[in-house]
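Worksheet: one structure, shown below.
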Amino acid sequence: MVVSVRSLGLNGISGYEVGAECFLSGGLPAFDVVGLPDAAVREARERVRAAVKNCGAKFPVSRITVNLAPAGQKKAGTVYDLPIFVGILAAAGELPPPRPDAAFLGELSLTGAVRGVHGVLPMALAARDAGIRQLFVPAENAAEATLAGDLTVYGVEDVRSLAAHLRGQSPLSPAPVWEPPEDETPLPDLRDVMGQENVKRALEIAAAGGHNLLMIGSPGAGKSMLAKRLPSILPDLSRAEALETSGIWSVAGMTDPRRPLLVRRPFRSPHHTASAPALAGGGPAMRPGEISLAHNGVLFLDELPEFHRDVLEALRQPLEDGEVTVARVGGTLRLPARFQLVCAMNPCRCGWRGHPTRPCTCSDREAAKYAEKISGPLLDRIDLHVTVPSVEYEAMRRRETPEPSAAVKQRAEAARAIQARRFAGTDTACNARMTPAMVGEFCRLDGAGEKLLKAAFARMGLTARSHDRVLRVARTIADLDGAADIAASHLAEAVQYRSTDILKG
């Protein structure tokens, strides 16, 4: 007898349907799993055998063949333990065949307990799209699976309770749809930062338009402190963005079972010793890297020149395309990577070049060599270059409280609302993602603006890419002012953020 049990698998960060076909035949007892299984899938034979015996059922003494279809797709992980268990017992007559609209996934322990697995959210979304209506998952993953919607999710603690449910003896209760609670943990606030009004302005522009930002300043000026406060002024995640980002985190095994949906934009800050695969993704398991974990959020690179050159150059294509394509011998993986890049660096290796009181110990050649670690093409993709000066004593000791993040966030959200109306019906969500055609349509200049941009183009040696990025930033500044057209003052402010004189010594 052949019993087919529906299940799900992962291809990168996307789920797809897998059928576990279980066949019991005569001959010497054997247990084979076919369909390009990896070592973890093949080891399911021993886990399933022990779980069957420890739940009180009789393991069939026959030749057992399990085919995981489609057979040409590589299968990895422990997610197929539960469907194999159900298929074997159903083929042996110990359980009734499952409903055609039901699917199963989960890892088994030797005692029959069902353990949680990674990537449940994208698999649940794939199940919903495949017409599956009942999804049996580990109890630990039940809340995450309910986020897909249009599914009756059953959280399974152990195989005994599942067998009783399938036999109609003791039905399981469907898991309630998970709703995010109100988050009481406040984000770092801009009111903690004394002084640095020019950098706060740049952060506001970056938040309002989704622009990339580079901060250059001496140690202790507050670069990292300011970067960590950017999420507090970014617009909230939409439901679609939250599901997309949470799915990536689920595949990486980073979601909290008690809070499976990300309600805040991610903020990733990898150490400068991170490798290119760690940043871009890949590896033996072809998992998402830091730039995908920062999708719809912020990727902060502190001490930018200390990163390896190949790591920094791996950012160039994702910054342009909003996705990263990882090609390995084992296959090609396309991952979303639409993030805001925020970088911080010192002006030289000792860090004190340009400081008003502390002398710099670097020669001009050493300072230039330090700055040359950042390639021109990468700098060209960063919209805002801002100098972070050392904070004066009077600013540190002043009594008045700086403007809180909530007020800045309101202005950023108002600007984003203008952009949402402007780009309605397109895939573009903010000014930083405008196509060249959109730049030509929405970033028209008057006579004074044309004259100013022409002079800046010649004097600063702007490229075609940086020309468009200046216009995108100017459009965001105009949106913050509520202006329909870009004025010369908006353009002048945008141009000043392209100055990289400090990088040139």
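Mean separation of Cα pairs under 8 Å and 6 or more residues apart, divided by the residue count, gives the chain a relative contact order of 13 percent. Extending each Cα 7 Å along its Cβ direction at Ala458 and Ala484, get the distance between those two points in nm, one decimal. Rounded to a tenth, the inter-label distance reads 3.3 nm.
For segment 371-484, the equivalent ellipsoid derived from the Cα gyration tensor has semi-axes of 28, 23, 15 Å, listed largest first.
With a 1.4 Å probe and every protein chain left in place, work out the accessible area per residue of the chain in Å², rounded to a whole number.
Result: 44 Å² per residue.
Annotation for Val2 and Asp364: the two label points, set 7 Å from Cα along the Cα-Cβ direction, are 8.0 nm apart.
Computed extension length for Thr185-Ser14: 58.4 nm, one decimal, from 0.36 nm per residue of separation with the Cα-Cα distance subtracted.
Using the Cβ-Cβ distance between Arg421 and Arg167 with R0 = 45 Å, the FRET efficiency computed as 1/(1 + (r/R0)^6) comes to roughly 0.20.
Between Ala448 and Asp256, the C-beta separation translates, for a Förster distance of 35 Å, into a calculated FRET efficiency of about 0.05.
A Förster radius of 56 Å, combined with the Cβ-Cβ distance separating Val34 from Glu372, puts the computed FRET efficiency at roughly 0.55.
The mean of 1/r over all pairs of different alpha-carbon atoms in segment 266-329, once inverted, gives a Kirkwood hydrodynamic radius of 11.9 Å. The amide H of Cys343, built 1.01 Å from its N in the peptide plane, has Leu213, Leu214, Met215, Leu301 as neighbours under 5 Å, considering only residues 5 or more places off or on other chains. Phi angles of segment 151-161 translate, via the Karplus equation with coefficients 6.51, -1.76, 1.60 and θ = phi - 60°, into HN-Hα couplings of 9, 9, 9, 10, x, 9, 7, 7, 6, 4, 5 Hz per residue; Gly and Pro are given as x.
Between the C-alpha center of segment 368-391 and that of segment 401-461 there is a gap of 21 Å. In segment 107-155, the ratio of gyration radius to Kirkwood radius, Rg to Rh, stands at 0.99 when only Cα atoms are counted. Whole-Hz Karplus values for segment 255-264 come out as 7, 8, x, 7, 9, x, 10, 6, 9, 10 Hz, taken residue by residue from phi with 6.51 cos²θ - 1.76 cosθ + 1.60 and θ = phi - 60°; glycine and proline positions read x. By the Cβ distance rule (another cysteine Cβ under 4.7 Å), the unpaired cysteines of the chain are Cys22, Cys55, Cys343, Cys350, Cys360, Cys430, Cys443. Applied to segment 208-220, the Karplus parametrisation 6.51 cos²θ - 1.76 cosθ + 1.60 on θ = phi - 60° returns per-residue 3J(HN,Hα) values of 6, x, x, 8, 7, 9, 10, 10, 10, x, 6, x, x Hz, with x for Gly and Pro. Modelled this way, with points 7 Å down the Cα-to-C-beta line, the labels at Ala327 and Arg264 are 3.9 nm from one another.
Using the eigenvalues of the Cα gyration tensor, what equivalent ellipsoid semi-axes result for the chain when each is taken as the square root of five times the eigenvalue, whole Å, largest first?
Largest first, the chain gives 53, 23, 21 Å.
Where both bridge residues fall in the chain, DSSP classifies roughly 50% of the beta bridges as antiparallel. Its relative contact order, with pairs defined as Cα atoms under 8 Å and 6+ residues apart, puts segment 310-441 at 14 percent. To put it simply, the accessible area of segment 105-256 at a 1.4 Å probe is 48 percent carbon and sulfur.
Each semi-axis of the equivalent ellipsoid for segment 118-259 is √(5λ) with λ an eigenvalue of the Cα gyration tensor; in descending order they amount to 44, 15, 12 Å.
The values are calculated or read from the model by the stated rules, or taken from the named source; none is laboratory data. This is a predicted model, so every value here is computed, not measured. Every residue, glycine as well, gets a Cβ built from its backbone with ideal geometry; the counts of neighbours run over all protein chains shown. Note: accessible area is taken over every heavy atom of the protein model, side chains too, but ligands, DNA and RNA are not part of it. Shrake-Rupley method; radii C 1.70, N 1.55, O 1.52, S 1.80 Å.
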